[in-house]
Amino acid sequence: MSANSSNDELMGRNKPPPLFFSSRRFAVGSAASAAVLAACGSAPGTTTGGASAPATTGNAIELSHWYHQYGEEGTQQAAIRYAEEYSKIKPNVKVTVEWTPGDYGAKLNAALLTPEGPDVFEFSGPILDLVNAGQVADLTDIYGDARSDFNEIGLQANTVGDRLYGVKMIDDMGLLYYRKSLLEPAGIAPPTTLDELGAAIQALNTGQTKGFFMGNDGGVGVMGDMLLWSSGHEYLKDNKPDFNSDATVAAFKKGQEFLAANSGAILSGAPTDWWDPSAFTQNLTAMQWTGLWAMPGIRDAIGDDFGVMPWPAIGAGEGRPATFWGGWSQYANAKRPNVEAAKEYIKWLWIDNTDIQKDWSLAYGFHVPPRKSAAASAEPLKTGPAAEAVTILNQYGRPLFPNWTGAMGTAWGDAVNNILKNNADPKAELDAAAQKVQAELDKQA
Amino acid sequence: MSVQSVPTSTAAHASRQRRRQLRTTLAFWGFVGPLFLGLIVFTYIPVLWGFVLSFFEAKRTVTPTTFVGLENYLTLFRDRAFIQSLITVALFALFIVPATTALALGLALLVNSITRGQTFFRSVFFIPTACSYVVASLVWKLNIFNGLPFGLANMVLYQFGQDPIVWIGPPNPPWYWLVLVSVRLWLQVGFYMILFLAGLQEIPRSLYEAAYVDGASGGWTTFRNITFPLLRNTTAAVVVLNIIAAFQAFDEFINILSGTGSSNINLARPPLVYLYGIAIGSQDFGLGTAGAFILAAIIIGITLLQNRFFAFGREERA
């Protein structure tokens with residue numbers, strides 16, 4: 001039974017997808033789901049949209065549009081609906097939506113090596129390698145006046161040199177969810193420092209219901225980024241590694257102490273991972289780190305019995321709260337024959353059509369629309385925890401950089417693991433990773 | 001008439017033979033051709049192509065232009081994570097190879113010694129071999145060694161008054177090795193047991209009878225002096241196949257230790273998992289293929305080395 005349901009989980013059937021990946025996680029996660037996908041023996045579902053488009057002659061253009069599998073119900077139908085709408089406006093263009101359960105990253109990467117890849121695709125991650133390999137088309141000219149309406153972080157994620165290669169579709173973020181009904185009676189305030197978080201975890205742990213959940217790796221994957229950002233530093237600054245400063249080293253030492261003191265009260269080995277709110281809604285944990293995308297599902301399950309906050313600061317007056325600012329963007333495959341038609345379609349869908357952008361961000365799971373105007377007018381994000389989340393994102397959200405490549409992600413991830421799992425010396429590990437990252441940066445220059 | 005008819009019938013005979021030969025040839029290529037073609041297209045060409053790629057900088061392309069010589073190989077030799085992955089897999093092999101061999105041999109001896117129900121037990125122990133690594137890994141990870149109190153292993157512990165254990169995740173104590181090792185043992189012991197059974201049935205009964213006549217007692221004495229020496233070829237085969245399989249470890253590691261967003265995979269990352277991340281994850285095919293050739297070289301080296309010690313694959317001397 002449990003094998004079965006988790007199979008679904010791994011195949012992404014009911015998972016709000018992790019919309020923020022370090023490349024390392026992307027790679028490793030991909031690998032796992034690839035294997036699972038192979039085991040399930042099911043071909044990725046292909047669904048045709050735009051079937052209602054009037055038959056056209058000779059000059060008909062066919063575009064294939066790839067999505068990874070969003071977990072939220074109704075997303076696939078919505079994607080097909082958008083494609084069909086486009087065919088009504090442009091009868092000579094037929095868009096085929098390809099919905100990819102499982103290992104989207106590996107399938108996309110393989111397809112991009114061939115001439116038969118998708119015309120339009122979404123991607124979440126650093127794009128420098130894609131740009132250098134000539135796999136994505138320059139989209140600077142389709143932005144027009146709308147450029148200033150996109151938030152800076154979305155633009156930055158898609159900028160290489162002075163050109164824009166992608167259009168942000170949705171912004172995503174992580175949140176620390178807590179059960180009000182468990183914290184309030186115990187007199188526990190939402191923790192604002194790592195020490196307070198530790199104390200809350202200890203107080204809330206009952207054995208059956210653990211204090212906190214941030215992933216089946218014990219939270220190491222999540223904590224690495226959060227410790228870095230909450231120490232006030234970044235992966236890169238001025239194109240140099242910025243993660244081996246004294247403040248970050250101190251933060252990691254604090255992180256080691258935090259795990260040593262609290263890991264017994266932190267949930268691990270749950271049926272689903274941190275991106276899925278099941279552990280939280282099923283009372284396996286009193287607090288959980290997961291995404292804004294999960295909020296509608298959490299509300300359905302437990303009503304208003306939850307609050308949200310960012311990852312706490314390192315200490316009082318030390319560091320700052322943090323969360324990630326991730327999401328997905330849309331790209332045109334530069335190696336396909338109909339690049340211009342693909343660009344036009346992307347412009348219609350993700351630049352001109354604010355109704356669709358809001359529908360995609362708000363009608364299924366929760367995401368923040370990357371257009372400032374759309375975000376400002378998004379009713380569901382104006383009240384309650386969702387509104388708090390948007391404030392947290394704008395205040396504390398930290399982005400990925402386009403040139404933070406997979407090799408750098410691996411170096412960083414290995415260092416984080418050695419520090420937090422094997423209690424290695426933070427200074428030595430972070431310096432070694434910085435050296436590796438600098439070598440990669442030198443190659444880029 | 002008859003003089004003339006002889007060459008005619010010889011000619012007819014010859015042409016019949018040619019036709020038959022042609023049919024045989026056609027049948028041969030009809031059966032072998034597709035397989036051969038598949039082997040060339042899906043194995044030999046990619047291997048050769050991969051070898052070429054390993055000397056190029058091939059990021060996000062399989063038709064690279066920047067020749068870098070041995071740079072990719074040198075990068076890997078200097079890469080602490082890659083060296084660590086080789087150490088990880090060596091330790092894994094050091095444990096899994098003797099364990100599999102001993103268990104398979106033990107099972108084979110037991111199954112061979114019973115007179116009734118041999119077929120039944122043979123099948124029972126062999127069936128796990130037919131199970132996919134992925135399926136078994138998921139059952140191990142999510143059902144048996146689930147970290148929650150209602151996981152199977154934890155329910156058993158509870159019966160003995162023990163606290164539940166988070167099997168996969170914490171580095172100390174390294175329970176995850178128990179999960180990784182037990183799933184592979186369950187999956188592969190049956191197969192090697194069959195090899196040993198075949199070996200056992202090759203041993204002439206007369207040798208045992210002669211030994212008994214000479215006053216040897218059964219059990220350990222005959223095992224040490226007859227059974228085990230005569231199983232030398234089988235044992236060597238089992239050990240070599242096992243080592244190769246161990247160095248190619250991938251499926252259970254990636255399925256048990258990693259999941260989306262989880263970094264447990266860093267606990268025990270064999271080279272194939274690391275290289276998969278480089279080639280498929282980061283799309284650096286040059287570095288990935290270079291690593292694959294280093295690993296292939298190691299496996300070939302070990303196989304040749306065993307040849308010196310066990311002589312498996314060498315001609316049997318009369």
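Only the coordinates and a few stated rules stand behind these numbers; no lab work does. Remember, predicted model here, so these are calculated numbers, not experimental data. Methodologically, a virtual Cβ is constructed for each residue, glycine included, from the backbone with ideal geometry; neighbour enumeration extends over all protein chains shown.
Tabulated data
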| read-out | value |
| --- | --- |
| Anchor B:K59: aspartates and glutamates whose Cα lies under 16 Å away (excluding residues fewer than 8 positions away in-chain) | A:D129, A:E440, A:D442, B:E71, B:D284 |
| Taking A:H367, A:H68 and counting other C-beta atoms within 10 Å, the order from fewest to most | A:H68, A:H367 |
| A:S64 long-range amide H proximity, modeled H, under 5 Å | A:T96, A:D119, A:V120 |
| Modelled FRET efficiency - R0 30 Å, A:R81 with A:A60, Cβ distances, 0.05 increments | 0.90 |
| Cα-based helix-to-principal-axis angle, A:246-262 vs chain A, degrees rounded to 10 | 70 |
| ³J(HN,Hα) computed for each position of segment A:65-75 - Karplus, 6.51 cos²θ - 1.76 cosθ + 1.60, integer Hz, glycine/proline x | 10, 9, 10, 7, 7, 6, x, 6, 5, x, 5 |
| Folded to 0 to 90 degrees: helix A:220-230 orientation relative to chain A principal axis, Cα | 80 |
| 0 to 90° range, to nearest 10: angle between helix A:23-40 axis and chain A longest Cα axis | 70 |
| Under 5 Å, built H, 5+ apart or other chain: amide partners of A:L139 | A:L164, A:Y165, A:G166 |
| Distance (nanometres) between label positions extended 7 Å along Cα→Cβ at A:A376 and A:N394 | 1.0 |
| Average other protein chain Cβ within 10 Å of Cβ, residues A:111-124 | 1 |
| A:A286 long-range amide H proximity, modeled H, under 5 Å | A:K210, A:G211, A:F212 |
| Estimated vicinal HN-Hα couplings, Hz - segment A:375-386 in sequence order (Karplus 6.51, -1.76, 1.60; Gly, Pro = x) | 5, 5, 9, 7, 3, x, 9, 9, 10, x, x, 5 |
| Computed [θ] at 222 nm, helices only, for chain B once each DSSP H run of length n ≥ 4 contributes -39500 (n - 2.57) | -21000 deg cm²/dmol |
| Cα shape, chain B, gyration tensor, a/c 1.5 rule | oblate |
| B:I203-A:D431 FRET efficiency (beta carbon distance; Förster radius 56 Å; 0.05 resolution) | 0.40 |
| Given chain A, longest segment not containing exposed loop GluC sites (Glu not before Pro) (DSSP; at most 14 other Cβ within 10 Å) | A:117-445 |
| Value of [θ]222 nm, deg cm²/dmol, for chain A, DSSP H segments ≥ 4, -39500 (n - 2.57) each, nearest 500 | -12500 deg cm²/dmol |
| Chain A - share of DSSP beta bridges that are antiparallel (%, nearest 5) | 60 |
| Mean Kyte hydropathy of 1.0 or more with a Cα span along the axis of at least 27 Å, helices from DSSP in chain B | B:80-113, B:175-202, B:285-309 |
| Spin-label pair B:A90/A:R163, simplified geometry with 7 Å Cα→Cβ offset, distance in nm | 4.7 |
| Whether segment B:83-162 is rounded, prolate or oblate, judged on the alpha carbon gyration tensor where a/c under 1.5 counts as rounded | oblate |
| Links that overshoot a 30 Å alpha carbon limit, given the list A:K107/A:K427; A:K253/A:K436; A:K237/A:K347; A:K436/B:K141 | A:K107/A:K427; A:K237/A:K347; A:K436/B:K141 |
